[in-house]
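Quick notes on the structure that follows.
The values are calculated or read from the model by the stated rules, or taken from the named source; none is laboratory data. For clarity, every value in this text was computed on a predicted model and none was experimentally measured. Neighbour counts are summed over all protein chains in view; Cβ atoms, including those assigned to glycine, are modelled from backbone coordinates with ideal geometry.
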């Protein structure tokens, strides 16, 4: 029986983490499954297999992942979330490495972000990439020039649980707010990405001619005060209600006139799958990615739509921009269609239910099993040879991570020529006996030097921008290879953790 590692940050929040847990539960019926987690606290998601605690506080977590891959004789390692995808790739040994991409990264990260840089440089070393939607695959191929073997696999969804919870009654406070009106629903994190402000603006115009409707927004997040201010500004305090997210949004979905989605970007929006499970019509902007696939089976993203599309399972409107009131009018028109065309609504709901009857977790699990069992391998590795021996090697950062990198690379026979810092106001000239340079005052041309980012993920983006601003572009990150120094550092950290 094969040994499978599923690598993610935690099982206590997040859509990717939830899917990782469900995947481990499904695969544990067929394989020995090990869940590698940075944090094992407050686990709330379903999972299967054996938990392996990597430790969120360990700066050498990649070395621990490498060690546990070897200890558990992992045959296939599957990772979720970018930080874990990089770790999975950089710890690649003889096992097959599969990385899962859950969102449209080009719309999230600026072009000089360390994450974007590393995706372009290192994702090609994965054996397989699993985008959660065809739009995500489109983004990876177009904006990151990736040519790996890719296989789109949709999300697991617990249809039976959703249907059971959908039958629950709304709280009295909410029933009193709704009264005898119908209501539209938005579900999602209160964040500019989800674009709830534009939904409120659309509802404000819609309500002028349709005063028997209300709007409920279910979610928590940083945009709450901005949305509350907009509700007050448009005199909608008794027509629009913001509610914190809860574990049973389905009781709202099953009773709503329609689910409204105005996201700037998505991966594969679970809210749409959930709405279709309970027969709730969906109005969604044609964002990258997901809505056009789920509502109409349109997997080609080369052409944008410029007008309303009434699809089999919902209504698609052109993508919102902040200054495009024509699109706002399209969204309002879609709301009018849903409220006035009962035959269309019945057809949409019927099509949704037929689609969701065919949407099967067993089928999704089989697609993962096919990937695990097939013989697709990349056979591409990064190692010490990734360094150009004709160029100087400088470690950017002289903290704990930079210092450990120095000792580890030295054990691997890689000559380190110095350290770089962003701020050298103390005017130090050396560190560990090597020259110490300020990033804005280095006596080297770009062609003569290469850099290792010797810092934690959170600070690497700033480092990368500083290098690029000073016309340095050669960054290297070799695969993790165990050395005596790294082994001793890992064992020391494990001893401290055990106390």
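State all residues of region 54-82 that are closer than 30 Å to residue 161 by Cβ and modelled with pLDDT under 90; if no residue qualifies, say none.
The answer is 54, 56, 81, 82.
Quick one: residue 430 ticks every box in (1) touching a strand residue (DSSP E or B) at 6+ places or on another chain (Cβ under 7 Å); (2) at pLDDT 80 or above; (3) surrounded by 14 or more Cβ atoms within 10 Å (Cβ to Cβ) bar one, so which box is it?
Condition not satisfied by residue 430: (3).
If we only count helices (runs of 4 or more DSSP H) wholly inside region 103-204, which ones have 3 or more residues that are within 24 Å of residue 90 (Cα to Cα), in contact with a helix residue (DSSP H, G or I) (Cβ under 8 Å, 6 or more places away or on another chain) and touching a residue at least 60 places away in the same chain (Cβ under 8 Å)?
It comes to 114-122.
Please find, among 292, 264, the residue that is modelled with pLDDT of 95 or more and not assigned by TED's automatic domain parsing to the domain that holds residue 102.
Checking each option against the conditions leaves just 292.
Quick one: which strands (runs of 3 or more DSSP E) sit completely within region 1-92 and have at least 1 residues that are under 18 Å from the mean Cα position of the chain (by Cα)?
Those strands (runs of 3 or more DSSP E) span 3-8, 32-37, 76-80.
Has region 86-93 got any residue that is farther than 28 Å from residue 399 by Cβ, touching a residue at least 60 places away in the same chain (Cβ under 8 Å) and either surrounded by fewer than 24 Cβ atoms within 10 Å (Cβ to Cβ) or touching a strand residue (DSSP E or B) at 6+ places or on another chain (Cβ under 9 Å) (or both)?
no
Looking only at residues in region 211-270 that are part of a helix (DSSP H, G or I) and in contact with a helix residue (DSSP H, G or I) (Cβ under 7 Å, 6 or more places away or on another chain), which one is surrounded by the fewest Cβ atoms within 10 Å (Cβ to Cβ)?
Among those residues, the one meeting the criterion is 226.
Return the only residue of 47, 31 being over 22 Å from residue 159 (Cβ atoms) and either touching a helix residue (DSSP H, G or I) at 6+ places or on another chain (Cβ under 6 Å) or not assigned by TED's automatic domain parsing to the domain that holds residue 273 (or both).
31
What pairs come up if the first residue lies in region 352-380 and is farther than 23 Å from residue 280 by Cβ, the second is at pLDDT below 95 and loosely packed, with under 13 Cβ neighbours inside 10 Å, and their beta carbons are under 9 Å apart, counting only those six or more places apart or on different chains?
Here the result reads 365/29, each pair linking region 352-380 to a residue that is at pLDDT below 95 and loosely packed, with under 13 Cβ neighbours inside 10 Å.
Matching residues to (1) surrounded by 15 or more Cβ atoms within 10 Å (Cβ to Cβ); (2) at pLDDT 80 or above; (3) not in a loop (DSSP other than H, G, I, E, B):
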residue: 375; (1), (2), (3): no, no, no
residue: 378; (1), (2), (3): yes, no, no
residue: 389; (1), (2), (3): no, no, no
residue: 393; (1), (2), (3): yes, yes, yes
residue: 406; (1), (2), (3): yes, yes, yes
residue: 419; (1), (2), (3): yes, yes, yes
residue: 435; (1), (2), (3): yes, yes, yes
residue: 443; (1), (2), (3): no, yes, no
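So, in region 37-47, how many residues would count as being crowded, with 17+ Cβ neighbours inside 10 Å and closer than 22 Å to residue 367 by Cβ?
The total comes to 2.
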